[in-house]
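**Q** Mind having a look at this structure? Questions to follow.
The values are calculated or read from the model by the stated rules, or taken from the named source; none is laboratory data. Computed from a predicted structure; not experimentally measured. Reconstructed Cβ throughout: ideal geometry from the backbone, glycine too, with neighbour counts over all protein chains shown.
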């Protein structure tokens, strides 16, 4: 039994006229008659009663018509799903992101992506850059938003979509709260809440490099993984923190942010889209393209 025979059966069942059914199918009438005769022989039952004047569907044919229509429906759905998958307009994508992406890029990106690709299921996972890149390398994620620069080796392809910079977060009640900027060398004796050496080595490495080039070893009193944790600890008075400037958009009134002078590396932050080196997921590519466009508008 072929799909084309099922389509021919339905056409004749709905028209009860070989000539009209053949026109609907864009074929000649004799091949249609032969094809349906072969279908009846294969099924071992008559689907139609034919006379010179009329065609009537049999009881067996009427019973078969219900399932035949279902077969054609699901066959068309399969074709549609394949076309949408190839175009990246349906299916699922595994998306990883760093916490600081939620302050600016990610909310706009998710809203726009869901609007443009409503049939795509987004499977979201929050983590830190090194973990996300490892999962990209192992193909456990299709695409990720990570913090750059990346100092660890990775096979992922990175495309920067948002530029950022380091700022110093200080308590609003502290001695530095009335400042708008601070030279990196003035942080020498300040208690510093820094990113975790084990989990966030890229940002930790950048901070250490900035301090080293300024001629001092920072006084790290506490480590944290997420920027929001650093801000909470700053607010509690434990110390100061170096964070991406985007986090200042949704911070407490109990924290002030100072721009950094005296270090070119303070301007070196950003967010990037990470993809596997051989990208085959069309949905992930569509996500990347949209992120590049929206990132340029920020």
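**Q** What strands (runs of 3 or more DSSP E), lying completely within the range 133-188, carry at least 2 residues that are within 29 Å of the chain's Cα centre (by Cα)?
**A** Result: 143-148, 157-164, 166-171.
**Q** Condition (residue is in contact with a helix residue (DSSP H, G or I) (Cβ under 6 Å, 6 or more places away or on another chain), under 30 Å from residue 109 (Cα atoms) and either buried (at least 18 other Cβ atoms within 10 Å of the Cβ) or modelled with pLDDT of 95 or more (or both)) applied to the range 168-176: is it met by at least one residue?
**A** Yes, that holds for at least one residue.
**Q** Here are some conditions: (1) touching a helix residue (DSSP H, G or I) at 6+ places or on another chain (Cβ under 9 Å); (2) assigned to a strand (DSSP E or B). Residue 109 meets all but one. Which one does it not meet?
**A** So residue 109 meets the others, but not (2).
**Q** Name the strands (runs of 3 or more DSSP E) wholly inside the range 231-298 in which the number of residues that are in contact (Cβ under 8 Å) with a residue 24 or more places away in the chain, assigned by TED's automatic domain parsing to the domain that holds residue 221 and farther than 22 Å from residue 150 by Cα is 2 or more.
**A** 255-261
**Q** Right, here's the next one. Between residues in the range 136-151 that are not assigned by TED's automatic domain parsing to the domain that holds residue 283 and residues that are at pLDDT below 95 and buried (at least 24 other Cβ atoms within 10 Å of the Cβ), which pairs lie under 8 Å by C-beta distance while being six or more apart or on different chains?
**A** Close Cβ pairs (under 8 Å, with a partner that is at pLDDT below 95 and buried (at least 24 other Cβ atoms within 10 Å of the Cβ)) do not exist here.
**Q** Next up: Hey, any hits in the range 58-80 for a residue that's out of contact with any strand residue (DSSP E or B) (no Cβ under 6 Å at 6 or more places or on another chain), buried (at least 16 other Cβ atoms within 10 Å of the Cβ) and within 30 Å of residue 142 (Cβ to Cβ)?
**A** The answer is no; no qualifying residue exists.
**Q** Looking at (1) part of a strand (DSSP E or B); (2) in contact (Cβ under 8 Å) with a residue 60 or more places away in the chain, which one does residue 228 not meet, given that it meets all the others?
**A** Here residue 228 clears every test but (1).
**Q** Still on this structure: For the subset of the range 1-23 comprising residues that are part of a helix (DSSP H, G or I) and over 21 Å from residue 52 (Cα atoms), which member is farthest from the chain's Cα centre (by Cα)?
**A** 5
**Q** Okay, moving on. If you take the residues in the range 27-45 that are over 50 Å from the mean Cα position of the chain (by Cα) and closer than 16 Å to residue 13 by Cα, which one is surrounded by the fewest Cβ atoms within 10 Å (Cβ to Cβ)?
**A** Taking the range 27-45 and keeping what is over 50 Å from the mean Cα position of the chain (by Cα), we get 29-30, 33-34, 37, 41, 44-45.
Still in the list and also closer than 16 Å to residue 13 by Cα: 29, 33-34, 37, 45.
Values: 29: 15, 33: 16, 34: 10, 37: 14, 45: 14.
Checked the range 27-45; the qualifying residue surrounded by the fewest Cβ atoms within 10 Å (Cβ to Cβ) is 34.
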